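To start, the structure itself, in structure tokens.
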Amino acid sequence: MTSFRRWFLAALAASAVKAEAVQKSDLQLPLSAVVYQAEVKDIFVTSYEAYQKYAWGYDDLLPVSETYYDGRNGWGASIADAMSTMWIMGLTDWFEQAVNHTANTDFTVSHTPDTVSLFETTIRYVGGFLSAYELSGEKYPVLVEKAQDLADQMAYAWNGNQSIPYGYVDFTNDQPTMDTTNIAEAGTLTLEWNLLSQYTGNSTYKTLAEKSVQHMIQMSTPLPGMPAQGINPKTGDAVGGYVTWGGGSDSYFEYLIKYARLTNTDDNSYADAWLTAVDTSMKKLLRFSTVGNWLYLADYDDKKKIRHVGSHLACFYGGNWILGGKLTNNETLVSLGLQLTDACWNTYASTTTGIGPEVFAYMSSDGNYTGGTAPSQEQLDFYHKHGFYITASDYYLRPEVLESNFYAWRVTGDPKYYNNAVSATISFKKYLPANVGYAGIYDVNQVDSDKIDDMQSFWFAEALKYLYLTFDDPSHISLDEYVFNTECHPFKAPPAKSSYGSGSGPHPASWQPFSPERAPLPAVSPKPAFLL
């Protein structure tokens, strides 16, 4: 399996026409970078030592109550998610320990009564294991074997000849939970399952993942190239007509351009679908706030109304547009991506802790409708000062603002993005330490906020990795050599093509009347019980 992957990359390299680099070629780090990189590594080490002491082998550390929580089937999600970051940080002893844990864990059965999330298990466990396998020089084939164990069980999410998988599978009887899902859950598999096919020689994984995305590319949509958030796997039809770059849709759009880049596929439908979604977003969803002129992507609801809302989850879009703009040789998209990133950073810069909130809202020239209650006087006052207002004040250790800031730094070298990362590091060190490890906070606008008693595994995989790499040598895990999955696990990519997509503009599927089903939607990016 190793030789096949090497052959595959070599063949792509031989046929590729080199594109313009994504990263700025002469990017220089300030001398202080070594100091802040060490600070981020210290946060990681402190967090992981607490996990080892109080929660080893379980999914999450509860850093306030000093115990553990199993929200990802009890396989040790924090271990799987931390592995690629450990390797990048040079923590090889811990990496070996993590490999040993993985080798001795049975992934064919859930260690809790829960069903298994196709999406979360793919991005955290399968993606984490395959990235760790690549980064460590393919030294540990057991990582591929365990990823395959998981995918073999999760393949039951596809029922019969359905193109769209169900979101959850019961590993005790290999039956999916037959319920509606969303396009993010069904469309965020291609990177991981394609790699698994390459490393195992079994094309089934790639075929299943591609089948799902191809169905969504071709389905009828509320807006050109932008599927509705909800989808019924049984019928393959949309559920509702809500369109967003936020939770429930986010990584479907993210993976369209990333899959084209990772595989250098000759099938332009992935990149063209991304370009179509971006083109539609520019025409229908882009808005500027009336205060501060901050650029954001609004939502579009079932009543065909614009909702002037934003979220930490959606803030990945700045980095995605920056990357996609470079890959498609479109500097307009790069510029828009940078403006989107700046607006998301403003949600950090505007709070008393210097950390951004979970959900927020804007006002634009066409109104301030959010689908919720009207803003209070306190929110209006905040808006008139900062150009947005907070609607959910918690910070749940999310990475997306740091993610886009990382792309902005690597692509432009503008010192403000470096300084943003410095600011975030200082704020994390000051406001997030808990009884043990680090924790999110309930109110980013209160310096003495209570802590959220959960240290999610993506703290190790994403937030700290994006910060660490911002302060790292730009040639290390270069954006011209790696593609990150949505959990920030880097995958080795072949040399880039000269451009991605057919080059002939947006390509929406042939027009079909949009007539969605009406059914309850699943929870989007659920929070743990302590936040509900």
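Of note:
- Total residues in segment 42-58, condition in a loop (DSSP other than H, G, I, E, B) and surrounded by 19 or more Cβ atoms within 10 Å (Cβ to Cβ): 1
- The number of residues in segment 318-368 that are in contact with a strand residue (DSSP E or B) (Cβ under 6 Å, 6 or more places away or on another chain) and of a type outside the set (S, T, N, Q) comes to 9.
- Y36 vs. criteria in contact with a Leu (Cβ under 7 Å, 6 or more places away or on another chain), open to solvent by 10 Å² or more (accessible area, probe 1.4 Å) and farther than 26 Å from D149 by Cα: no
- Selected residue (criterion: farthest from G128 (Cα to Cα)) from residues of segment 475-504 that are among the aromatic types (F, W, Y) and not in a loop (DSSP other than H, G, I, E, B): Y482
- Residue list for segment 416-455, restricted to those being in contact with a Ser or Thr (Cβ under 7 Å, 6 or more places away or on another chain), within 19 Å of D42 (Cα to Cα) and in a loop (DSSP other than H, G, I, E, B): G437
- The residues of segment 76-87 that are farther than 19 Å from Y482 by Cβ and either in contact with a strand residue (DSSP E or B) (Cβ under 9 Å, 6 or more places away or on another chain) or open to solvent by 50 Å² or more (accessible area, probe 1.4 Å) (or both), listed by number, are A77, S78.
- Test for E138: is it in contact with a helix residue (DSSP H, G or I) (Cβ under 7 Å, 6 or more places away or on another chain), under 30 Å from S475 (Cβ atoms) and open to solvent by 10 Å² or more (accessible area, probe 1.4 Å): yes
- Scanning segment 159-214 for residues that are farther than 25 Å from G225 by Cβ, in a helix (DSSP H, G or I) and open to solvent by 30 Å² or more (accessible area, probe 1.4 Å) gives T200, T204.
- Contacts under 8 angstrom Cβ, first residue in segment 19-36 being within 25 Å of V334 (Cα to Cα), partner of a type in the set (V, I, T), 6 or more apart: V22/V411; Q23/V411; K24/V411; K24/T412
- Going through (1) in a helix (DSSP H, G or I); (2) out of contact with any Leu (no Cβ under 9 Å at 6 or more places or on another chain) one by one, A408 falls short only on (2).
- Here L333 fulfils each of the conditions (1) of a type in the set (A, V, I, L, M); (2) more than 25 Å from F458 (Cβ to Cβ); (3) open to solvent by 20 Å² or more (accessible area, probe 1.4 Å); (4) touching a Phe, Trp or Tyr at 6+ places or on another chain (Cβ under 9 Å) apart from (3).
- Some residue of segment 88-98 being out of contact with any helix residue (DSSP H, G or I) (no Cβ under 6 Å at 6 or more places or on another chain), at pLDDT 95 or above, farther than 27 Å from T200 by Cα and open to solvent by 60 Å² or more (accessible area, probe 1.4 Å): yes
- Answer from V401, V411, V436 - the residue that is in contact with a Pro (Cβ under 9 Å, 6 or more places away or on another chain) and touching a residue at least 60 places away in the same chain (Cβ under 8 Å): V436
- Scanning segment 463-476 for residues that are open to solvent by less than 10 Å² (accessible area, probe 1.4 Å) and either within 20 Å of Y58 (Cα to Cα) or of a type outside the set (S, T, N, Q) (or both) returns A463, L464, K465, Y466, L467, L469, F471.
- Unique match (being crowded, with 20+ Cβ neighbours inside 10 Å and touching a residue at least 60 places away in the same chain (Cβ under 8 Å)) among N445, N420: N420
- Output for segment 165-197, where each listed residue is free of Cβ contacts under 8 Å to residues at least 40 places away in the same chain and farther than 14 Å from Q153 by Cβ: S197
- The test for being surrounded by fewer than 17 Cβ atoms within 10 Å (Cβ to Cβ) and in contact (Cβ under 8 Å) with a residue 40 or more places away in the chain does not hold for G387.
- Taken over segment 90-144, residues that are not aromatic (F, W, Y) and not in a helix (DSSP H, G or I) amount to 20.
- When residues of segment 59-75 are limited to those that are outside any loop (DSSP other than H, G, I, E, B) and in contact (Cβ under 8 Å) with a residue 24 or more places away in the chain, the one most open to solvent (accessible area, probe 1.4 Å): Y69
- Looking only at segment 505-530, and only at residues there that are farther than 30 Å from L135 by Cβ, open to solvent by less than 40 Å² (accessible area, probe 1.4 Å) and of a type outside the set (G, A, S), the one that is modelled with the highest pLDDT: P516
- Every residue from segment 358-383 that is among the acidic types (D, E) and either within 17 Å of N445 (Cα to Cα) or crowded, with 18+ Cβ neighbours inside 10 Å (or both): E358, E378, D381
- Only strands (runs of 3 or more DSSP E) whose full extent lies in segment 238-329 are considered here, and the ones with at least 1 residues that are in contact with a Phe, Trp or Tyr (Cβ under 9 Å, 6 or more places away or on another chain), over 30 Å from S197 (Cβ atoms) and open to solvent by 20 Å² or more (accessible area, probe 1.4 Å) are 286-288, 309-311.
- Taking (1) under 23 Å from the mean Cα position of the chain (by Cα); (2) in a helix (DSSP H, G or I) in turn, Y156 satisfies each apart from (1).
The values are calculated or read from the model by the stated rules, or taken from the named source; none is laboratory data. A quick note: this is a predicted structure, and the numbers were derived from the prediction, not measured. Neighbour counts run over all protein chains shown; Cβ positions are idealised from the backbone, glycine included. We work out accessible area using only protein heavy atoms, side chains counted, and drop any ligands, DNA or RNA first. Shrake-Rupley method; radii C 1.70, N 1.55, O 1.52, S 1.80 Å.
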